[in-house]
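Have a look at the structure below before the remarks.
The values are calculated or read from the model by the stated rules, or taken from the named source; none is laboratory data. Every value quoted in this text rests on a predicted model; they were computed, and no experiment measured them. Positions of Cβ are backbone-derived with ideal geometry, glycine not excepted, and every protein chain shown enters the neighbour counts. In case anyone asks, the SASA skips ligands and DNA or RNA and just uses the protein heavy atoms, side chains included. Shrake-Rupley method; radii C 1.70, N 1.55, O 1.52, S 1.80 Å.
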Amino acid sequence: MTSYIEFEGKNIEQAVKKACGKLKIDKGKIRYKVISYGSTGIFGLAGRKKAKINVSVPEVKKPEEKRPETSPENKPENKPENKIDNKKDCKAYYENKENELRENNIQSGKDVLQKIIDSITEDAKIEIDERSNKTIFNVAGGNSALLIGKRGKTLEAIQLIVEKVINKQNEKRSRTLVDIEGYMEKRNSYLKNLAKRLADKCKRFRKPMSLGEMNAHDRRIIHITLKNDKEVGTRSKGEGVLRKIVIFPKKSSHQKKEMFPAKVEKAN
């Protein structure tokens, strides 16, 4: 019977070379199947995949060892397993694995971010701020205007790449934010004030107000800012990554009564 061992490399040639060295097989005699040819990813930074091969290794049969017979008196007692401890150990194991994977993904995101900003400007450093619901990469130094770009478009593109890198192996999407010299904090403050101004205008004129195309982060700020406002509501409009937001007046109970008047029974 033949078994298979998986080997990886930057390309197929390196994977074969690694297998030959490990298994001590000549290159001309090795048999393998290609699982993946690998890829360089986005600009050689994100989504890079290694080449994988399955190498066939014939199994060597080992002589069967005779086990000494045990008398009924010497037989080990079958102790009941502690199911609670096993469940706890299993839960702790998967939690550790999940945390380890998350830390590795965050480090990968930081490495990619550092490569991107180093290709744009010099002397920019990254600090990671991990919170319960998201990971923030704070970038300081260098030419912040170049990193942010016109209306934050460059920062938006960087944000998208880093988020893809971090979430490529995560079952649950991890919220990620890239901030440059506190730009996002100022941006959030501006969006909150904008939402409130347009909401007041919407209440005054009783007409919907539309905001231009926004990314998911900016839309979320608008939605959250006006979430508890009883007089106006918000909804996203359009498809794709960039969508518009509409702020519309809610119908009051008085208006609802006018639109749907109660039925008056006729007197007999």
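Worth pointing out:
Here is a yes/no grid of residues against (1) exposed (fewer than 15 other Cβ atoms within 10 Å of the Cβ); (2) in contact with a strand residue (DSSP E or B) (Cβ under 8 Å, 6 or more places away or on another chain):
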{"residue": "Ser210", "(1), (2)": "yes, yes"}
{"residue": "Asp218", "(1), (2)": "no, no"}
{"residue": "Ile224", "(1), (2)": "yes, no"}
{"residue": "Asn228", "(1), (2)": "yes, no"}
{"residue": "Arg235", "(1), (2)": "yes, yes"}
{"residue": "Gly238", "(1), (2)": "yes, yes"}
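- Whichever residue in the range 125-141 is under 18 Å from Glu185 (Cβ atoms) and small (Gly, Ala, Ser) and, among such residues, is nearest to the chain's Cα centre (by Cα): Ala140
- Residues located in the range 111-139, provided they are in contact with a helix residue (DSSP H, G or I) (Cβ under 8 Å, 6 or more places away or on another chain), within 25 Å of Asn99 (Cα to Cα) and surrounded by 11 or more Cβ atoms within 10 Å (Cβ to Cβ): Val112, Leu113, Ile126, Ile128, Thr135, Phe137, Val139
- Against the criterion of being part of a helix (DSSP H, G or I), at pLDDT 75 or above and within 19 Å of Lys168 (Cα to Cα), Lys110 qualifies.
- Condition met for Leu160 (among the hydrophobic types (A, V, I, L, M, F, W, C), open to solvent by 40 Å² or more (accessible area, probe 1.4 Å) and in contact with a helix residue (DSSP H, G or I) (Cβ under 7 Å, 6 or more places away or on another chain)): no
- Qualifying residue in the range 26-41 (condition: over 30 Å from Ile166 (Cα atoms), among the polar types (S, T, N, Q) and either at pLDDT 60 or above or surrounded by 11 or more Cβ atoms within 10 Å (Cβ to Cβ) (or both)): no
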